[in-house]
Amino acid sequence: MSTAVRPVWPQTGELNRRVVIRLWQDRPNAAFGIDQVFDAGITRWAAVKPVVGVNYWGAKQIDEETTHRIWLRWGKNTKPEDITGQHVIDQPAENKRYRVIRATAAGDARQFTMVEVKELGGID
């Protein structure tokens with residue numbers, strides 16, 4: 001018997017937040033500093049859910065501060081291999097930016113990609 005906790009897939013109507021998946025690059029500037037540069041990104045509907053309880057504390061134990069899970073429909077540009085640690089996900093309506101920690105396929109059905117993220121704060 002497996003003791004792993006299987007995430008609950010989003011239900012109809014739960015992909016109700018607009019997010020923008022952007023590639024994040026750090027580039028040196030003329031003042032010998034670093035500028036954060038983001039591409040235009042792709043806009044998708046998503047479910048944004050905070051990580052709570054055992055899942056949150058389990059992540060803290062291994063030094064991964066996962067604060068939210070973002071669910072996207074599996075498809076072009078939203079497969080797990082398309083979303084890496086070099087990406088951020090912006091939620092413009094809430095003025096929030098999240099750093100991608102990992103993206104995984106939710107089961108074998110190729111229906112959803114679950115992205116574990118850390119909230120970085122407001123969008124500059």
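The values are calculated or read from the model by the stated rules, or taken from the named source; none is laboratory data. Being a predicted model, the structure only gives us computed values, none of them experimental. Here the Cβ is made from the backbone with ideal geometry for all residues, glycine too, and neighbour counts use every protein chain on show. Side chains are part of the model used for accessible areas, which takes the heavy atoms of the whole protein and leaves out ligands, DNA and RNA. Shrake-Rupley method; radii C 1.70, N 1.55, O 1.52, S 1.80 Å.
Before moving on, here are some points about what is shown:
- Checking each residue in region 99-115 for being touching a strand residue (DSSP E or B) at 6+ places or on another chain (Cβ under 9 Å) and either within 13 Å of A47 (Cβ to Cβ) or assigned to a loop (DSSP other than H, G, I, E, B) (or both) picks out A106, Q111, F112, T113, M114, V115.
- Of the residues making up region 88-124, those that are of a type in the set (S, T, Y) and either modelled with pLDDT of 95 or more or open to solvent by less than 20 Å² (accessible area, probe 1.4 Å) (or both) number 2.
- Residue ID - most open to solvent (accessible area, probe 1.4 Å), chosen from residues in region 32-77 that are among the β-branched types (V, I, T) and modelled with pLDDT of 95 or more: T43
- Of the numbered criteria (1) in contact with a Gly (Cβ under 6 Å, 6 or more places away or on another chain); (2) not in a strand (DSSP E or B), the one E81 fails is (1).
- Selection of first residues in region 112-124 that are among the acidic types (D, E) and of second residues that are surrounded by 15 or more Cβ atoms within 10 Å (Cβ to Cβ) and in a loop (DSSP other than H, G, I, E, B), restricted to Cβ pairs under 6 Å at least 6 apart or on distinct chains, gives the following pairs, ordered by first then second residue: E116/T66; E119/T67.
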